[in-house]
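The block underneath contains the structure these notes are about, expressed in C-alpha cells.
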Amino acid sequence: MTLFWITVAILIVAAALAVIPALLGRSRASETSYSEANLAVFRDRLAELAAERDRGEITPEEYEQGRAELEREVLREVPGSEDKESAPGPRTGIGGKTVVGLLVGLPVVAVSLYFATGRPQLVDEAPPTSLSEREIRSFSQMPPEQRASRLSAFLEEKPRTGEAWVLLGQTYREQGQFGEAVEAYRRARRLLGDEPQLLAHYAEAIALANNRELTGEVTELLDKALEKDPDNTLALWMAGSAAMSRGEGEEAGRLWRRLAAQMPPDNRNFEMLKGYIAQAEGISPEEVSIDRPESEASGGPAMKVRVELAGELREQTEPEDTVFIFARAAQGPPMPVAAVRKPVEELPVEVTLDDSQAMSGDRTLSSQERVVVGARISKGGQPQAQPGDLEGLTDPLSVRDGREVSVTIDQVVQ
C-alpha cells in the first residue's frame, strides 16, 4: 500500500512539473509578444515621420508633435509603463495563487473520489491461491478439532486460499458449528466464485444455522447453483425441500425426480427419495416410476480406470495391503465421490467408477464436472492416507469425456 501511494505522489509531481510552466508562462509570453509588436510599430511610424520631415513634406514642428503623440501612445499600450492598466487585449495566463489552488485541490478531489467509489483494499490483496495435493492430504488426515485449529492458523497467514476456506466450512459443518461454517463458505465464495457445489454447501450451512429454515437467501443460492449445474444433487435435494415447505408439491416432485434419475436403483437413498416424491405428488410410493435418460440408464457417467504399481515400489507392499481406487472433486472438499477397494495382489487392475460407489447421496460422480482420480495402497487398511502409504494421482479430468484413465502408483506418502 505504501508503494502505491508513493507512486501516486510521483505521478502528481510529474503532472505538475509538466503543467506549471505552461500555466505561468502563458501570460508572460503573451505580454512580451504584445510589447514587442507595439514597439516595432512605434519604430516604423517614427521612421516614416523622419522621412517625411527630410523630404520637406512636414515641418520640424509637425515632426516633433507627431513624435510626442507616438510616445504617449506607446506609454499607454506597452506593459510595464505607467499606464499599463489601460493596455488593450486580454491577459490569457493565470496567477500563481490559482496554480497553487489547482495543484492542491485536484489531488484532494481525485483521492476523495477514489476512496468513495474505488476499492483501496485491492491494492493489498494478493491473487487467490490453491492448496497443494500434499496440503489437502495433510488436513484431511486430521481429526475435525485439530483440522479446524490448523486451518484457522493457516488462513491467518494465507487468507486468499479459497480451498482452505471450503475445508474449514466443511469441518465446522461436521462439528455442528453452523454459524462459523456460513462465514467460512462466504469467504470461499468470494475467492472461488459461484461454483455450484460451493453454493449448495453455503446454502445448506445457512439453513442449518437458522434451525433448518429455508430462507429467501437459501433459495436464491440454490437457484444459482442449479442454473450453473442443473444436476447438482445437494442443490436439487434442498430446492425440492424448499418447494415442499412453500406448499409447491408439484415443483418439489419435479426436482426430486431429477435427483432420483441420477441415482442407481441400489443406492441406499433411492427408496427413501421415492417416498418423498410420493408424498409431494400425493401418490403411493409404488406408483412412483423414475424415467431415466437412455444415456444415464446405468446411473450416470462412468470412468474406466486402470491402476498399475511402479516396479520399484512393489517390494514395499505386503499381501494383506488394500488398494483404494477413487475419484474426488477437483475443487472443493477433497472427499471421494466414488471409491472401490481391491487387494494389492490383483494389480494391475481395471475398475469402473460410477454413482453406485458414492460415499453420500449428495456427492456423486455425476455431480462433478472435473475430478482427480487416484489409487492408494494402504499399509494399515484405512481409506485416509497415512505416512508410508503408496499413492498415484492424475491431474484434474473431465468426468464425461469417456476416455480410459491410467493411474500409476509411484509415490510414497510423506
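Results for (1) part of a helix (DSSP H, G or I); (2) modelled with pLDDT under 95; (3) closer than 26 Å to Glu404 by Cβ, shown as yes or no for each residue.
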residue: Ala235; (1), (2), (3): yes, yes, no
residue: Arg257; (1), (2), (3): yes, yes, no
residue: Tyr276; (1), (2), (3): yes, yes, no
residue: Ser298; (1), (2), (3): no, yes, yes
residue: Pro301; (1), (2), (3): no, yes, yes
residue: Glu315; (1), (2), (3): yes, yes, no
residue: Glu318; (1), (2), (3): no, yes, no
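Here is a yes/no grid of residues against (1) open to solvent by 50 Å² or more (accessible area, probe 1.4 Å); (2) of a type in the set (Ser, Thr, Tyr); (3) free of Cβ contacts under 8 Å to residues at least 40 places away in the same chain:
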| residue | (1), (2), (3) |
| --- | --- |
| Asp223 | yes, no, yes |
| Asp229 | no, no, no |
| Thr233 | no, yes, no |
| Gly240 | no, no, no |
| Ala243 | no, no, yes |
| Ala252 | no, no, yes |
| Ala261 | no, no, yes |
### Task
Just give me the residues in region 344-396 being in a strand (DSSP E or B) and open to solvent by 20 Å² or more (accessible area, probe 1.4 Å), in sequence order.
Glu350, Thr352, Ser360, Arg370, Arg376, Leu393
### Residues of region 140-166 satisfying the condition of being charged (D, E, K, R) and assigned to a helix (DSSP H, G or I)
Glu145, Arg147, Arg150, Glu156, Glu157, Glu163
### Query
Take the residues of region 156-189 that are touching a Leu at 6+ places or on another chain (Cβ under 7 Å) and over 19 Å from Glu204 (Cα atoms): which is least open to solvent (accessible area, probe 1.4 Å)?
Thr161
### Message
Show the residue pairs meeting these rules: Cβ distance below 9 Å; 6+ apart or different chains; first residue within region 170-194 and assigned to a helix (DSSP H, G or I); second residue open to solvent by 60 Å² or more (accessible area, probe 1.4 Å) and hydroxyl-bearing (Ser, Thr, Tyr).
### Response
Leu191/Thr129
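The values are calculated or read from the model by the stated rules, or taken from the named source; none is laboratory data. Here the structure is a predicted model, which means the values were calculated and not measured. Methodologically, a virtual Cβ is constructed for each residue, glycine included, from the backbone with ideal geometry; neighbour enumeration extends over all protein chains shown. Just so you know, the surface numbers come from the protein's heavy atoms only, side chains and all, with ligands and any DNA or RNA stripped out. Shrake-Rupley method; radii C 1.70, N 1.55, O 1.52, S 1.80 Å.
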